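The values are calculated or read from the model by the stated rules, or taken from the named source; none is laboratory data. Worth saying up front: this structure is predicted, and the values here are computed from it rather than measured. Ideal geometry is used to build each Cβ from the backbone, glycine not excepted, and the neighbour counts take in all protein chains shown.
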Amino acid sequence: MTVINDVETLKNYIGGKWVESTTSKHEEVPNPATGEVLAIVPLSTKEDVNQAVRVAKNAYKEWKKVAVPKRARFLFRYQQLLIEHWDELAKLVTIENGKSYTEAYGEVQRGIECVEFAAGAPTLMMGSQLPDISPGIESGMYRYPMGVVAGITPFNFPMMVPCWMFPLAIACGNTFILKPSERTPLLANRLVELVTEAGVPDGVVNIVHGAHDVVNGILEHEDIKAVSFVGSQPVAEYVYKTAAANKKRVQALSGAKNHSIVMPDADLDNAVTNITNAAFGSAGERCMAASVVVAVGEVGDLLVERLKAAADEIKIGNGMDKEVFLGPVIRDTHKKRTEQYIEIGEKEGAVLLRDGRNEGDQENGYYVGPTLFDHVKTDMKIWKDEIFAPVLSIVRVNTLEEAIELTNQSEFANGACLYTDSAKAVREFREEIDAGMLGVNLGVPAPMAFFPFSGYKSSFYGDLHANGRDGVEFYTRKKMLTARY
Ligand code: NAD
């Protein structure tokens, strides 16, 4: 282990061993709540990627032949280990990401659910047959893995997002290279250690730490057959185009600007509780965060008053404190970017109802308190851009039709929520809204692992979504056999 001032320099995990990167470039990984440096992450090179691919390609030769029920049994063991290490994993998420322990604990659950889904591989991998496509001729579809596949993940769900990818990919018989976010690399290392502890052979799951050089190494490597990406919009678009240009299958989940429409007949207690959780939980750093409230008709003034009162009650601080709801944002640069957006919102003429600047431990952590803007308009940057922080914009309209029309003007189409008691309104919302994941009377409608996680427009590039049957399709290729006997 290399030690710089008593802080560990992380290594890549290749072929079941910790391998030092060939890079000379490194980055510090601070705890966003305290600024304390937790580790040094290597910004690995293309050569490191090539090494991982060689090992993964070799491991694939054997892994693809392991019987599917046996592969599933590894997943069952892995699920058990994750359950046993739940608390440890949740703490690691809080320490490196900043979200509250409760949120982190929930995130670990979402990761475990992905493993549980992947353990259904024997059913999921089944093909289909037709005995008589013509007299004496039958036809059948058989499902096979792709080969070496890779995943590139963001900082905001260090557990859940990698678990969308590698458990299902390896259950389908692929071998895997994970490039975790360089801002949250620690949890990924524990995840892969537990993969080995579950008995999965060396080389089946590998980690190469780093940033764009590793991403480009993955995108350009001809032996990587599919790339799953989750991250911000510009990078998702780049990954999609570059991976496709290099003839890879690609799914690139991207940014969001999720609208929550509140109707005059909504249960306001429920709406306020759910919107507050969805807007400020995980410091707004969720692709399913509520970032815009659309208040319909006379509900506006009371809703705004209640949202502000709820935001005033939020406890800000280190997520390890179990009372804390709102932790820091990920980095000082992200805090400054968020503060700039608050300035921009003021200049654009939105009404700053609650200013979260200068809240929390400003000396050491990267805190922004809950921030609320009222009377936001669609020509404002704070309405258009994904801020990815605890900043909530409120727009006011007169009808549901206007609310839907306004929401659909967003370039993003990840999630959208409606608060109402009216079945007719729910139907209109479901039919007309542009978003992949809809919620009714709840705040974060993130689908469970057996459904696809799906956005569109600038929120997703590709065809097959993450998780669910889409995930199985993504990580497998099909062969058709037509036979005369
Ligand atoms: P990011 O785009 O900065 O980073 C994501 C990954 O891309 C990281 O592994 C990073 O190292 C790599 N990367 C960053 N810049 C790169 C570049 N120029 N070239 C090549 N690779 C690069 O995203 P983030 O800040 O870590 O995560 C937050 C974003 O992820 C938000 O936009 C959020 O909406 C999105 N997200 C989307 C979903 C979804 O399901 N749609 C889920 C989670 C997060």
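Considering only the stretch 322-349, state which residues are farther than 25 Å from residue 379 by Cβ, assigned to a loop (DSSP other than H, G, I, E, B) and without any contact (Cβ under 8 Å) to a residue 60 or more places away in the chain. Correct list: 323 only. Is it the case that the stretch 186-203 has a residue that's among the basic types (Lys, Arg), within 14 Å of the ligand (Cβ to nearest atom), surrounded by fewer than 24 Cβ atoms within 10 Å (Cβ to Cβ) and touching a residue at least 60 places away in the same chain (Cβ under 8 Å)? No, the stretch 186-203 has no match at all. Considering the stretch 423-478, and only residues there that are away from the ligand (no atom under 16 Å from the Cβ) and in contact with a Pro (Cβ under 9 Å, 6 or more places away or on another chain), the residue that is nearest to residue 287 (Cα to Cα) turns out to be 469. Scoring residue 366 on the criteria (1) out of contact with any strand residue (DSSP E or B) (no Cβ under 6 Å at 6 or more places or on another chain); (2) under 21 Å from residue 445 (Cβ atoms); (3) buried (at least 24 other Cβ atoms within 10 Å of the Cβ) leaves a single failure, condition (2). Tell me, which residue of the stretch 79-111 that is of a type in the set (A, V, I, L, M) and out of contact with any Phe, Trp or Tyr (no Cβ under 8 Å at 6 or more places or on another chain) is farthest from residue 335 (Cα to Cα)? Among those that are of a type in the set (A, V, I, L, M) and out of contact with any Phe, Trp or Tyr (no Cβ under 8 Å at 6 or more places or on another chain), it is 81. Residues of the stretch 246-264 that are among the basic types (Lys, Arg), more than 28 Å from residue 319 (Cβ to Cβ) and within 16 Å of the ligand (Cβ to nearest atom): 248 alone.
If you go through the stretch 265-279 one residue at a time, do you hit one that is within 16 Å of the ligand (Cβ to nearest atom) and at pLDDT 95 or above? Yes, there is a match, as at least one residue in the stretch 265-279 is within 16 Å of the ligand (Cβ to nearest atom) and at pLDDT 95 or above. In the stretch 45-77, which residues are under 13 Å from residue 173 (Cβ atoms) and among the hydrophobic types (A, V, I, L, M, F, W, C)? Within the stretch 45-77, 56, 59, 63, 66, 67, 68, 72, 74, 75 meet the criteria. The lone criterion from (1) within 21 Å of the chain's Cα centre (by Cα); (2) crowded, with 22+ Cβ neighbours inside 10 Å; (3) not aromatic (Phe, Trp, Tyr) left unmet by residue 372 is number (1). Does the stretch 16-30 contain any residue that is surrounded by 13 or more Cβ atoms within 10 Å (Cβ to Cβ) and in a helix (DSSP H, G or I)? Scanning the stretch 16-30, I find no residue that is surrounded by 13 or more Cβ atoms within 10 Å (Cβ to Cβ) and in a helix (DSSP H, G or I), so the answer is no. Of all residues in the stretch 127-163, those being within 30 Å of residue 187 (Cα to Cα), in a loop (DSSP other than H, G, I, E, B) and either over 36 Å from the mean Cα position of the chain (by Cα) or within 16 Å of the ligand (Cβ to nearest atom) (or both) number 7. The set of residues in the stretch 449-485 being in a strand (DSSP E or B) and farther than 20 Å from residue 64 by Cα consists of 453, 456, 457, 460, 461, 462, 466, 482, 483, 484.
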